[in-house]
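S.K.: Shown below is the structure under consideration.
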Amino acid sequence: MDLLTFLQQLINGLSLGSIYALIAIGYTLVYGILRLINFAHGDLLMVAAYVAVMGVGLFSWPWPAAFGLAVGLTGLMGVLLERGAYRPLRRAPRISLLISAIAASFLLENLALVIAGGRARPFPVPQMFTGAFVWGGLFVPRLSLLIPLVTGALLVGLFLIIYRTAVGRAMRAIASDLATVSLMGIDVNRIIAFTFLMGSLLAGAGGLLWAMKYPQVNPFMGILPGLKAFIAAVLGGIGNVTGAVLGGLLLGFLEVMIVAFFPAWAGYRDAVAFTLLIVLLLLRPTGLLGEALGEEKL
Amino acid sequence: MLEVFDLQVSYGAIKALDGVSFSVPRGRIVTLLGANGSGKTTTLRAITGLAAPGRGRIVFEGRELQGLPTHEIIRAGIALVPEGRRIFANLTVYENLLLGAYLRRDQPALARDLDQIYDTFPRLAARRTQAAGTLSGGEQQMLAVGRALMSRPRFLLLDEPSLGLAPLLVKEVFHLITRLNQQGVTILLVEQNAAAALKIAHHGYVLSTGRVVLEGAGAELSAHPQLQPAYLGDEPEAEAPPFSS
Ligand SMILES: Nc1ncnc2c1ncn2[C@@H]1O[C@H](COP(=O)(O)OP(=O)(O)OP(=O)(O)O)[C@@H](O)[C@H]1O
Ligand SMILES: [Mg+2]
């Protein structure tokens, strides 16, 4: 492989991996505090993309307004999911929660189907994010710069919240002992809602980036990136935010490299991702940065 | 300050508390004694809303607490050092103490209180950036006490705060409780160490299988001939037969 091709693929892998990372954080945050795999999380990408499509296409809003609203409403949708589908089951067996999550996912997909129809729609990519730079022999789409930059900024914000604020401390404390957090005078429900808000806002941003990268929108568009991001979260060690970022980047790079260097395997890129998950979990059941789960965490 | 009337708490079919009544006057130290499983922890959990009473009333400064969510009870000025320490293992010592002060906004006073806790427990000071889960059992106990104090409670509940501490530190903790009390904090203390607890308590209650079986002023109670049998388990038929080889 020559250096140029490698660099080129690095750039491609970075933008794909960044999106996985943004989405993976939502899975890992929720798992960290509730031990729940939020299967509806991937569908939030679709929600964000559709709100943006409607804003720009139907109401002819300028894109910053439509995108802002899309991210905001997606955050709200995540909070609603927790309120409606998970909070009432907090004391129920874990399996009920899981079933509720799957049901919520179907609900979102079918709502989109009813409201927007099954036909795929083009996503209105703002003019300023189309096109590419050519540097030497490197071909760098503007999006490939935008995506890691946006992701980086959001991650810095998120890490500041988690590790430098009182709310972030409460979020991490809930992951270790929910009942005792309430003994600190903290309204646990509000912290959980806030956690869903964080994860869903990031999923909203990830959804818009994804839709700009693959500019087609349909009701089931969130499923595959959602699953991939879930893999990324497990790869990194579910419950660990840094791990989710690492897992997302790793998965993004691997997928892109496989397609670039083994073009014959290109059709199997998803299969490769899932195989990777199985192999890594066999070797390291807790993921890259995950700690062994104590009994109280299961 | 606190009055408990006819409190009843069940875990499924098990009646853990069966009509417990007692009161903790403002500015006093009251201790709750009893054998293992007599309902001491359950009483503290009911007061703080962690266990839901099936019957009875819990009145704090004229306000009914039963049915309120835990965080609102805490906001009334109550803190609990829970049984088994329950420190946040993945957070640092410093972060644990800050969480204790979550509700406070008075920065300068908060920093002073933090220093004071580090003064009282120098072992915590030396480990302030260490993950709390890596502390020894005794150090975790100090942290649980420190964390509760960080909220500046007016009413402090302690569930066996001396458990797992070396004798010298047990003495230190009892001194601390007395000192806090002199500063105006009302205290409800659950202890295994009945003699030590009664020495500092103004009043004591003895629980047995979910009922109050004995009560009295601290000194009076420690001299009570029935304290030992009651404390060790009052039902003769439940007593283990003498060990024979
Ligand atoms: N979560 C629970 N589920 C079922 N039963 C419980 C639970 N917690 C306590 N109990 C029962 O309630 C009774 C009172 O328990 P509690 O913990 O209040 O006792 P305690 O006086 O604090 O004992 P110890 O001195 O051993 O701490 C016991 O019989 C115990 O088995
Ligand atoms: Mg107990």
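Read-outs: derived from the displayed coordinates by stated rules, not from any lab. Because the structure is a prediction, the values reported are computed rather than measured. So basically every Cβ, Gly included, is an ideal-geometry build from the backbone, and we count neighbours across all protein chains shown.
S.K.: Only counting other Cβ atoms within 10 Å, I'd like B:F155, A:F133, A:F159 sorted with the fewest neighbours first.
M.R.: In order of increasing Cβ crowding within 10 Å: A:F133, A:F159, B:F155.
S.K.: In segment A:16-222, with Lys and Arg counted as +1 and Asp and Glu as -1 at Cβ, which of these residues, A:N218, A:A49, A:L36, has the Cα nearest the positive end of the dipole, that is, farthest along it?
M.R.: A:L36
S.K.: Using a simple charge model, +1 on the beta-carbon of Lys and Arg, -1 on the beta-carbon of Asp and Glu, nothing else, what dipole does chain A show about its Cα centre, in debye to the nearest 20?
M.R.: Its charge dipole is roughly 380 debye.
S.K.: Once label points are set 7 Å from the Cα along Cα→Cβ at both A:A153 and B:S23, what is their separation, rounded to one decimal in nm?
M.R.: Distance between label points: 6.3 nm.
S.K.: Mind putting a number on the dipole of the protein assembly as shown about its Cα centre? Charges go on the C-beta only, +1 for Lys and Arg and -1 for Asp and Glu, and I need it in Debye to the nearest 20.
M.R.: 1160 debye
S.K.: Summing Lys, Arg as +1 and Asp, Glu as -1, what charge do residues with Cβ under 14 Å from the Cβ of B:L17 carry, B:L17 excluded?
M.R.: Around B:L17, the surrounding residues sum to +4.
S.K.: Work out the mean other chain Cβ neighbour count within 10 Å for the residues of B:85-91 and drop it here as an integer.
M.R.: 6
S.K.: Explain nothing, just the number: relative contact order of segment B:86-152, from Cα pairs under 8 Å at least 6 residues apart, as a whole percent.
M.R.: 56 percent
S.K.: Continuing with the same structure: Would you please give the FRET efficiency between A:R142 and B:Q107, computed as 1/(1 + (r/R0)^6) with r the Cβ-Cβ distance and R0 = 60 Å, to the nearest 0.05?
M.R.: 0.85
S.K.: Something else about it: Along the Cα→Cβ direction, 7 angstrom out, place labels at A:F274 and A:L107. What is the inter-label distance in nm?
M.R.: Here the answer is 2.7 nm between the modelled labels.
S.K.: Let me ask something additional. Tell me which of B:T41, A:L246, B:T134 sits at the most positive position along the dipole axis of the protein assembly as shown, charges placed on C-beta atoms (Lys, Arg +1; Asp, Glu -1).
M.R.: Most positive-ward Cα: A:L246.
S.K.: Counting only pairs 8 or more residues apart or on different chains, how many lysine pairs in the protein assembly as shown have their Cα atoms under 27 Å apart?
M.R.: Going through the protein assembly as shown pair by pair, I get 7.
S.K.: Which whole-angstrom value gives the distance between the alpha carbon centres of segment B:43-86 and segment B:101-164?
M.R.: One Cα centre to the other: 21 Å.
S.K.: Please state the relative contact order of segment B:1-148 as a whole percent: Cα pairs under 8 Å, 6+ residues apart?
M.R.: Dividing the mean separation by the residue count of segment B:1-148 yields 21 percent.
S.K.: Would you work out the charge dipole size for segment B:86-152 about its Cα centre, treating the Cβ of every Lys and Arg as +1 and the Cβ of every Asp and Glu as -1, and quote it to the nearest 20 debye?
M.R.: 120 debye
S.K.: Now for a separate question. Classify segment A:1-103 from the C-alpha gyration tensor, please: rounded if a/c falls under 1.5, else prolate or oblate depending on whether a/b exceeds b/c.
M.R.: Cα axes put segment A:1-103 in the oblate bin.
S.K.: Quick one: which of A:193-204, B:46-57 comes out on top by average Cβ neighbours within 10 Å, and what's the full order, highest first?
M.R.: A:193-204, B:46-57
S.K.: While we're here: Report, by chain and number, residues whose modeled amide H sits under 5 Å from the one on B:T92, excluding near sequence neighbours (fewer than 5 apart, same chain).
M.R.: B:A132
S.K.: Which FRET efficiency, nearest 0.05, do A:V134 and A:R190 yield, Cβ-Cβ r, R0 51 Å?
M.R.: Computed FRET efficiency for A:V134 and A:R190: 0.55.
S.K.: Could you tell me which of A:P122, A:I258, A:A173 has its Cα farthest along the dipole of the protein assembly as shown towards the positive end, charges placed at Cβ (Lys, Arg +1; Asp, Glu -1), taken about the Cα centre?
M.R.: The Cα lying farthest towards the positive end belongs to A:P122.
S.K.: Quickly work out the A:Q127-to-B:R123 label distance, labels modelled 7 Å from Cα along the C-beta direction, and quote it in nm with one decimal.
M.R.: Calculated label separation equals 6.9 nm.
S.K.: Per-residue counts of other Cβ atoms within 10 Å, averaged by peptide: what ranking do you get for B:206-218, B:96-108, B:126-138, highest first?
M.R.: Descending packing order for the listed peptides: B:206-218, B:96-108, B:126-138.
S.K.: Pairs of Cα atoms under 8 Å, at least six residues apart: use those to get the relative contact order of chain A, whole percent.
M.R.: In percent, rounded to a whole number, it is 36.
S.K.: Rank the residues A:W210, A:W61, A:W265, A:W135 as a footprinting-exposure proxy: fewest other Cβ atoms within 10 Å of their Cβ go first.
M.R.: A:W135, A:W265, A:W61, A:W210
S.K.: Return the average number of partner chain Cβ atoms within 10 angstrom of each residue Cβ along peptide A:167-178.
M.R.: Going residue by residue through A:167-178 and averaging, the value is 4.
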